[in-house]
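Here is the structure we will look at, set down as structure tokens.
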């Protein structure tokens, strides 16, 4: 069955694997695309030549469509964009910045452009900039996050009420039930992050993957709001941030504590004490490391079961009306 | 049609009208019960004799079941509980405290007891205390809120996976689509607050009701986390809090700014500058003041339309499996 999202990307199921720093290399992206969803390479943690290598390996590993996620704050973003064009990638997700900056340039080169937002205002701004679809990401999402703290459950219907282009929900979705909830709220598809961190094919360190399995409800928190808000698994580094906050730190103080390679240290190198461990609230529901194929199969099975269950709910009956 | 929630309360639809301070008097509660959902009187903002009056008026205004919401931090809670028993109320929702304190006492007197929680840990604690059902309220909810900041989309499935008693979802739900999303996630029913603030029968000041209609995405924020976290519509009082935060205030400083009657001043007396305006994120989706009957009818209609729409989504087909 085709819907507006599967048609846009020429994929089988309206599910996008999020392009996450230190997690989403060619292995994860190609496995996702081969499983019938849209795989994304996360360029935010890659040097330009590393991105080129990942794109080339991904093209060998799958003949299905895949894309690249590019955070707009990337220092040499021009280089990344040039490589994406040179290597023939046809789908780009931009995030964390102004959708006006790159959308026209990419569209002129035949790229399908999706922009990630966390507020209604930026959703409409991205639509006006000419993107093909938007990802709306709620407060519960892992990684970098919006200042308004609007949750997926409230953000999706508010954007759906005003947006004309396709809408992809993100934040807090790891199961078929979550996907059904998002579509009930008006989403045309879903982007899933945390669930794919705990996949066989994710490039996350195995210690980080295990930490995701152990995470329970309440184990993540949004912090560093003065810099770029980020949702972290609570660990020593998170406690260090909290300790620093008791001293009324300046932005510089916070930047100094954060340093340069916390995310790599935590998620890629597996230092669970000193590293920055970005993960969503839904990690509390994730308790297995599985292959991407099995994760997708499970989500689809859950979605169908949820649909059957919901179809039996008859709150109103003809007599009641 | 009956489900576990409609049977528990002997109501027609598995919807609870939240018992909100300064909003949920006998008019709102009786209108809700007469519309086939469960009406709740919010005792948190009532002196004991005022609660007695509201219960008596509610009994005259409806022959359907209704209940009382009692926040556990209420100073003379024994008086409230005594009045509830004396007046023959059969349903009590307890919130903001330890479910062990009153559950047995109420159950021994034949009361159906529901406890409101914002975390998995307290959901299981309430279940162990012997309550009949729990309300799980996400971060997007208005009013007082949990410290873990877990959103409805992630909290409901995490609790559903472990809870054996009926589960009512709250926070971010104002429409039939939101209700469907909650039930897809595993809720047996929903509690709705903000939508009923903007009802004809709510005792909120008309200026506050209008402010709710004008609220957009991003216009609320959770604050005062050092006292009891509360979600507020951003106004002068909210800005005053933020200004105070720049000075590293003590708890006492925050308490002094909050003062004694901010909530009454804002929600009941309509002072939009100096008052405390408690409302959920979903206020951004609310744009009419309607009667409770019309609100409930709309939610049921939306729910049915959503069910029809969802039933046509065929992501997997027999050939795909």
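Coordinate-derived values only; no laboratory data. Treat the numbers as computed from the prediction; the structure is a model and nothing was measured. In this analysis, Cβ positions are derived from the backbone assuming ideal geometry, glycine residues included, and neighbour counts consider all displayed protein chains.
Across peptide A:301-313, how many C-beta atoms of other chains are within 10 Å of each residue C-beta, on average?
4
May I have the pair-distance distribution P(r) for the stretch A:1-134, computed from all Cα-Cα distances with 10 Å bins from 0 and rounded to whole percent?
Pair shares across the bins are 14, 47, 35, 5, 0.
Over the stretch A:73-133, what per residue volume does the convex hull of the Cα atoms give, in whole Å³? The partial results should precede the final answer.
Values: hull volume 4.1 nm³, N = 61.
Once divided by residue count, the hull of the stretch A:73-133 is 68 Å³.
At 0.36 nm per residue, minus the direct Cα-Cα distance, what do residue B:59 and residue B:227 gain on full extension? Give it in nm, one decimal, please. Present the calculation step by step, with values, prior to reporting the outcome.
Working: separation 168, 0.36 × 168 = 60.48 nm, distance 3.59 nm.
Full extension from residue B:59 to residue B:227 adds 56.9 nm.
Can you give the Rg to Rh ratio of the stretch A:273-319, both from alpha-carbon atoms, with Rh computed by the Kirkwood formula?
Looking at the stretch A:273-319, the ratio lands at 1.24.
Using Cα pairs closer than 8 Å and at least 6 residues apart in sequence, work out the relative contact order for the stretch A:50-130, in percent.
28
Counting only DSSP beta bridges with both residues in the protein assembly as shown, what percent are antiparallel, rounded to the nearest 5?
Details: 14 of 70 bridges.
Just about 20 percent of them are antiparallel.
Can you put A:306, B:58 in order of Cβ neighbours within 10 angstrom, beginning with the fewest?
Going from sparsest to densest Cβ surroundings: A:306, B:58.
State the three equivalent ellipsoid semi-axes of the stretch A:1-60, derived from the C-alpha gyration tensor as the square roots of 5 times its eigenvalues, in descending order and whole Å.
Values: eigenvalues 103, 23, 16 Å².
Whole-Å semi-axes of the equivalent ellipsoid: 23, 11, 9.
Within 10 Å of each Cβ in peptide B:183-189, how many partner chain Cβ atoms are there on average? Round it to a whole number, please.
Mean shielding by partner chains, rounded to a whole number: 6.
Let's test this: bin the Cα-Cα distances of the stretch A:97-167 at 10 Å from zero up to the farthest pair and state each bin's percent.
Reading the bins upward from 0: 22, 52, 24, 3.
Given N residues in the stretch B:167-321, what is Rg(Cα) / (2.2 N^0.38 Å)?
Here the answer is 1.28, to two decimals.
What's the Cα-based Rg to Rh of the protein assembly as shown, Rh via Kirkwood? Before the final figure, lay out each step's value.
Working: Rg = 24.5 Å, Rh = 25.1 Å.
Radius of gyration over Kirkwood radius for the protein assembly as shown works out to 0.98.
Per residue and in Å³, how big is the convex hull formed by the alpha-carbon atoms of the stretch B:212-281?
80
Residue A:244 to residue B:121: FRET efficiency via 1/(1 + (r/R0)^6), r the Cβ-Cβ distance, R0 22 Å, to the nearest 0.05?
Working: r = 27 Å, r/R0 = 1.24.
Calculated value: 0.20.
Using only atoms on other chains, find how many Cβ atoms lie within 10 Å of each Cβ of peptide B:167-178 and report the average.
If you average over the peptide's residues, the count of other-chain Cβ atoms is 3.
List, largest first, the extents of the alpha carbons of the stretch B:136-233 along their principal axes, each in whole Å.
For the stretch B:136-233, the Cα spread along each principal axis is 42, 33, 22 Å.
Which three numbers, in whole Å and largest first, are the semi-axes of the equivalent ellipsoid of chain A derived from its Cα gyration tensor as √(5λ)? All intermediate terms of the calculation are to be shown ahead of the outcome.
Numbers: eigenvalues 161, 120, 85 Å².
Over the Cα atoms of chain A, the semi-axes work out to 28, 25, 21 Å.
Calculate the radius of gyration of the Cα atoms of the stretch B:240-321 to one decimal place, then report Dmax, the largest Cα-Cα distance, as a whole number, both in Å.
Answer for the stretch B:240-321, Rg first and Dmax second: 22.6, 66 Å.
How are the alpha carbon pair distances in the stretch A:48-87 distributed across 10 Å bins from zero to the largest one, expressed in percent?
Whole-percent P(r) values from 0 Å outward: 28, 56, 16, 0.
What fraction, in whole percent, of alpha-carbon pairs in the stretch A:204-248 exceed 16 Å separation?
Summing the P(r) of the stretch A:204-248 above 16 Å gives 45 percent of all pairs.
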